[in-house]
Amino acid sequence: MRRLLILGATALTAIGSFASSAIADVTVTYPSGWEELLEPAFRQFESETGEKVVSVVVPKDIDQRLVVDFAGGAASDVVVYDSYRTSEYTESGYLADLTGYVGNWEDWPLYFGSLKEISTISGSVRGIPNYTDVRMLWYNRAIFEQAGIEEPWKPVDWNEVLDTAEKIKAALPEIEYPLYFPVGTKMGEATTMQGFYMALLGADASEGGRNRLRDWNEGVWIGDSPAIRKVLGLYQDIFVERGLSARELYYTPDVWGDMRRAFAEGKIGIMANGSWEYRSVWRAVGTEKTPAEIDAFMAWAPFPGDGSEGAPEFSNISGGWNFGISEQSTQKDAAWKLIETILDGPKYAAWVAKQGRVAVRRDALEAPEYKADAYLSSLSPLLERTTGRDTYPGYSSVSAFIQEATAAILDGQSIDDAVGAYRTSLEDEFGADEVKVIQ
Amino acid sequence: MIAGIRPSPARTISVNLLLGAVIIVWLSPMSWLIMTSVDPEASGSFSVPSRISLEHFAVVLSGTSLRQFINSLVIALATAMLTTAVACMAAYPFSRLKIPYKDTLLWSLALLRILPSTAIIIPVFLTGRVLGLLNAGGVVLILTLMNLPFAILLLKNFFDTIPTELEEAAYIEGATLTQNLLHVVFPLSRAGLAVIWFMAFTSAWNEFLFPFVMLRSDQEFPMAVGLYAAFGQYGTTDYGFLTAYSIIYAAPAVLVYFLLKRNLTTGFAGVGVKG
Amino acid sequence: MIATSHVWLRRSAAPLVVGALPAILFIMLFGVYAGWTIAVSFTDLALLGRKAIEPSFVGFDNYVRLVARDGFLGAVWTTTVFTFFSAIVGQCGIGFLLAVILKGGKKRLRGIVEFSLLFGWLAPDVVAAFMWSALASPDGLLNTVILRPLGFERVHLLNLYAMELVVISNIWKGTAWSYLLFSAALDTVSREVVEAAYVDGANAWQRLRYVLVPLLRPQIATNLLLVTIWTYAFFSLIWALTGGGPGRDTEVLSIYMYKQAFEVGKLGYGSAIAIAMMLIVAGLSVLYVRQGKDALR
């Protein structure tokens, strides 16, 4: 027992010695993978100002970490967050108004207007974009060749995509994922964005929010529409009726790594995914590939509409990540200085090109590293006609409901039931008068 | 016992076959882990390595992951100590005193443990911030709190099995309560304390959520959080590193078990006695 | 002074209470957290947006929705099936049988079996999830070493048998606990009792059914209660292995709660789920205790 008491005392002393870090440090929370951009900037900032930077590199679920930090009043000074959450964080009063800072920042005019808009809520700037992305259908060229599918592949509607996948399935029965299409809740936002929303945008004309989740004119969410039903029908075709994709890859312990590995190993014919996969696939499997080698392996086609009248020919949607300063921060000036240090033009341009990410400012597009990248330049047509999600407060709940609806289809529920449950969820969450139905 | 008394040879063989099957079933998931961890060209799929190397282990046992290992060790050891100390001071009176409805009370406490950590993470975080405990110390305290209901319940069961005559005899010879506890009760309860200590250690070693949200610098993250850097959405999957990391991560609990083995075996008899 | 038959404690009230004080404080704090959860379950508190800072009282809405909406009842069923097969049949049943079989068995064999069981118990959940996924994947051990050499088609175990897989992985994980408990309990059964039954001509099944089980009833009852409580709230291994999928195939209550609270962001509704979980397990516990008493009568 005496030993036990001593050990107990030791434990308590140990607890005491973990005093929280000094308040004066500038704190930063960011997702892992950004170290190469941020760490050198931290060192530079420290030597210029004499202040210390304490960082939290988050290996997963950074949204969850941020939201608990914010709600608990302990957020870092600088936060890196998924840009679609700007409106929701702002509504909760979590993000500082950066309008004054950007007004005096000579680089701000270099940023693209559409991205500034996403991060500007009711006239005040709440985030500085770091990169954006576009979405498309990637395909494995070797598989296409073996299946006798002509290249370049430019499907004109969903049917052509499905038929191509069917062809792959017939020619190469060992391919279990002729068409990889994000589904279910484990993939989180990827299901909504890379899968559901990309299809939704092409499923109907854009008037009255017919191809969206929210009608911005009336200010209501859309609980049921022909487009929503068509997209769930697409899921039904892929997973239930025509068996164009197995389900395992959407639910393994490492859904991201396994998806990339499967694509690199030639187990996926076509995949609905994002522009970053050009590099991410190879980083994930640990192979260095030259652009020429990558181009020989994979190619992309724009995601087509469903071919109905008035629907867009092809669709695209962009997301991205922002830097923000938390409202709770007691040293916003220092935090801003740190963001400026991080976003130094040439260093930023080099990093974003190396990551294979789409730059968000004009000077980066002109930088030699970026210009030399034929792939990144090839994304311009998509970027010109891109759109964003319905990032109105409440969007993240709506997105989760959409993911549940796709899971319900996977479980064999009818479209009626899945849409009904989706609509009920919306009405529970926002009230029936905030939800409309398009016949 | 069934097989123990003069078994027929046929039965011995079939029992051994059965046990062999159990061993294979239980160990087979490990095969991937071990083969991948020593494969310098690990890709993640099941394949026999063409050459064996310990380079992944060398990487794990240095730098960031070594620091995370130490962080885990500090958190788990402190939690185990604190849980055991706090629980036994409460379980003893619970065992010896006549408290009305004490079993119902203890089982109700155990039901608190049904509350998922995620359900209480927000108030836990708030108290942590107010008390200045968003650090490893706070993590230790909250993990102790989560462990206590079962620890008290199981320890009380264990104390119930210890005959009180010795305590009485010591009292008659003039021992104070403290002396009685230190020299009679706790030495006799080593096994029960070992079980509680061990359970608290492994659960703290395994814990992801509380360290993930409460620690203020990634330098303080334990292995349960650090593991995610080896795969996932933001990272790049490195299966060799991941599996070597996993083995190192799983090792301490196994090691601690074998160190405590003799105590634990008798301890289990005591904690499960009464309903 | 204090109600006890033990003389040496009658005058020790103060030190005993002081000693128990830290535990009482901890438990009170736990009670506060539970109270917070109960309070929140009657509001629409959200993780994000306006409802995160200005939640409003919604009465029993969240509880009504537990029953009126898809999801909760399905998760209750999934959890019950999962608990019954993995904890009661699997962990307790296999743990008990192994304890009986290994009692008096060869030392070395027993050592290896114990190590195997323990490894399952002590492997961290995420690691366990990776191991099971690797075992069950189309290019994993089961398919490449067993099924395909035997001429079977490749089977997508995670695709088609997700529930079976999580049940098996939890048996793999939790059997060690039950085994250790029963094994230790068997040590307390005197050998003469069993030998007497043997001499009386009882076969193995009869000895098990009419001698060992009644003797160990208290331990069996306690353990059933323990593993039910643990398994009903079981989260991390399933979460890492399947995330509740495919579809909702393995969506147990703890996962359903997590998704509602942290992915949809409805803390109020999530809290109602957590409270309902507690009530269900409380009901089950009472049922167990009743059953135990009836059986003793």
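In plain terms, the C-alpha convex hull of segment A:95-218 casts an average shadow of 11.5 nm² when viewed from every direction. In percent, rounded to a whole number, the relative contact order of chain C is 28, using alpha-carbon pairs under 8 Å and six or more apart. Each Lys or Arg adds one and each Asp or Glu takes one away; over the other residues whose Cβ falls under 12 Å from the Cβ of A:Gly223, this sums to -3. Sequentially through segment C:58-65, phi angles give Karplus couplings (6.51, -1.76, 1.60; θ = phi - 60°) of 10, x, 8, 3, 4, 6, 4, 5 Hz, Gly and Pro residues having no value and appearing as x. Dimensions of chain A from C-alpha coordinates, computed as largest minus smallest value along each principal axis and given longest first, are 67, 61, 53 Å. Centroid-to-centroid, using Cα positions, segment C:178-218 and segment C:6-85 are 40 Å apart.
Working note: Debye formula, equal point scatterers on the alpha-carbon atoms of segment B:61-173, no solvent; log10 I(q)/I(0) at q = 0.10, 0.14 Å⁻¹ is -0.43, -0.74.
Relative intensity of the protein assembly as shown on a log10 scale, I(q)/I(0) at q = 0.08 Å⁻¹, equals -0.83, per a Debye sum over C-alpha point scatterers of equal strength in the absence of solvent.
Scanning chain B for helices, which whole DSSP H stretches are 15 Å or more long along the axis (Cα) and average -0.5 or more by Kyte-Doolittle? Length and hydropathy pass: B:9-37, B:63-96, B:102-112, B:117-130, B:136-160, B:190-206, B:239-271. Go ahead and set up a Gaussian network model of chain A, Cα springs under 10 Å, then flag whichever of A:Glu46, A:Glu327, A:Glu313 fluctuates most. Result: A:Glu46 has the largest fluctuation of those listed.
Max-minus-min Cα coordinates of segment A:181-311 on each principal axis give 50, 29, 27 Å, with the largest extent listed first. Estimated at 0.36 nm per residue, the fully extended path between A:Arg141 and A:Asp433 surpasses their Cα-Cα distance by 100.2 nm. Taken about its Cα centre, segment C:168-265 carries a charge dipole of roughly 80 debye when the Cβ of each Lys and Arg holds +1 and the Cβ of each Asp and Glu holds -1. The overall shape of chain C, judged from the alpha-carbon gyration tensor, is oblate: a/c is not under 1.5, and a/b is no greater than b/c. Structural descriptor for chain A: relative contact order 26 percent, calculated from alpha carbon pairs under 8 angstrom and at least 6 residues apart. Segment B:143-158 and segment B:160-223 have their alpha-carbon centroids 9 Å apart.
Starting from the Cα of B:Arg262, move 7 Å in the Cα-to-Cβ direction to define the label point; list residues of segment C:107-124 whose amide nitrogen is under 15 Å from there. No residue passes the distance filter. Seen from every direction in turn and averaged, the convex hull around the alpha carbons of chain B projects onto 20.8 nm². Remark on C:Thr43: its backbone amide H falls under 5 Å from those of C:Val58, a criterion applied only to residues 5 or more positions apart or on other chains, H modelled at 1.01 Å from N.
Using the Cβ-Cβ distance between C:Ile53 and A:Asn104 with R0 = 25 Å, the FRET efficiency computed as 1/(1 + (r/R0)^6) comes to roughly 0.25. In a reduced charge model with +1 at each Lys and Arg Cβ and -1 at each Asp and Glu Cβ, the protein assembly as shown shows a dipole moment near 4860 debye about its Cα centre. From the largest down, segment B:130-275 spans 67, 38, 27 angstrom on the principal axes of its Cα atoms. Taking every alpha-carbon pair under 8 Å whose residues sit at least 6 apart, chain B reaches a relative contact order of 30 percent. A simple packing score, the average count of other Cβ atoms within 10 Å per residue, orders the peptides A:187-198, A:368-379 as A:187-198, A:368-379, with the highest score first.
Dipole magnitude for segment B:3-122: about 680 debye, using +1 per Lys or Arg Cβ and -1 per Asp or Glu Cβ, origin at the Cα centre. Candidates C:Leu253, C:Ile171, C:Gly268 compared by Cα position along the dipole of segment C:69-296: farthest toward the positive end lies C:Ile171, with charges placed on Cβ. Comparing Cα centroids, segment A:370-439 and segment B:38-116 end up 40 angstrom apart.
Laboratory data are not the source of any read-out in this text; all were calculated from the coordinates shown. Keep in mind that what you see is a predicted model, and the values were worked out from it rather than measured. Note that each Cβ is placed from the backbone with ideal geometry, even for glycine, and that neighbours are counted across all protein chains shown.
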